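Scroll down for the structure; my scribbles are underneath it.
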Amino acid sequence: MKRRTSVRWVRAGVFVGVIAVAAVMAGISLAWAERDDGSLGDGHGFSNQSLKGYYGFNSSYGALVASGPNQPVVPALPFASMGRIFFDGEGGCIVSSIGNVNGQSIPSTSTSCVYSVNPDGTGTSEAVFPGTPIGDPVPIAFVITDGGDEFRAVVTKFIVGTFTARRQ
């Protein structure tokens, strides 16, 4: 009788284990199906469509540096900003921001902006801001996080700093 009870417990344990594995697999399939809306490149990667929409951003303290190879060596100027970015889903964007450079407020809106997203969620963007201390396009590198609701970026020229943007 004791042996028969042990066999029942083993069978019950195996049954519960199989059900648990099936539930986990169903949950994984459901999670992929929820993301399979085209915004993540058929559920297995990212694309320009992944960022489509509006994002609010803020940068922490950074430094504005000289903008060209023939510029005189000057101390870096403190810099911070916040604003809004619109991505059209096809590689075009618009950036509206207010920056604080060395204690002076500088509002700006990009006159041109392009971006590109790689299948792994990394990407680059470049925007031109006329009337600001930087006349050339400002390049960034970024990585999409939080399922596309956020991205983190670093400015790769002219400004030493990072920023985080969240979907609005």
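The values are calculated or read from the model by the stated rules, or taken from the named source; none is laboratory data. Predicted model, so just to flag it, every value in this text is computed and none were measured. In this analysis, Cβ positions are derived from the backbone assuming ideal geometry, glycine residues included, and neighbour counts consider all displayed protein chains.
Note on the stretch 58-78: among residues that are assigned to a strand (DSSP E or B) and not aliphatic (A, V, I, L, M), the one that is modelled with the highest pLDDT is Asn58.
Considering only the stretch 127-134, I want to know if a residue exists there that is modelled with pLDDT under 95 and among the hydroxyl-bearing types (Ser, Thr, Tyr).
Looking only at the stretch 127-134, we keep the residues that are modelled with pLDDT under 95, and these are 129-134.
Next, only the ones that are among the hydroxyl-bearing types (Ser, Thr, Tyr) stay: 132.
The answer is yes; a qualifying residue exists.
In the condition set (1) more than 15 Å from the chain's Cα centre (by Cα); (2) crowded, with 20+ Cβ neighbours inside 10 Å; (3) not hydrophobic (A, V, I, L, M, F, W, C), Tyr115 is compliant with all but (1).
Within the set Ser105, Ser81, the sole residue that is buried (at least 16 other Cβ atoms within 10 Å of the Cβ), assigned to a strand (DSSP E or B) and either over 15 Å from the mean Cα position of the chain (by Cα) or in contact (Cβ under 8 Å) with a residue 24 or more places away in the chain (or both) turns out to be Ser81. When Ser110 is tested against (1) under 12 Å from Leu51 (Cβ atoms); (2) surrounded by 15 or more Cβ atoms within 10 Å (Cβ to Cβ); (3) not hydrophobic (A, V, I, L, M, F, W, C), only condition (1) is not met.
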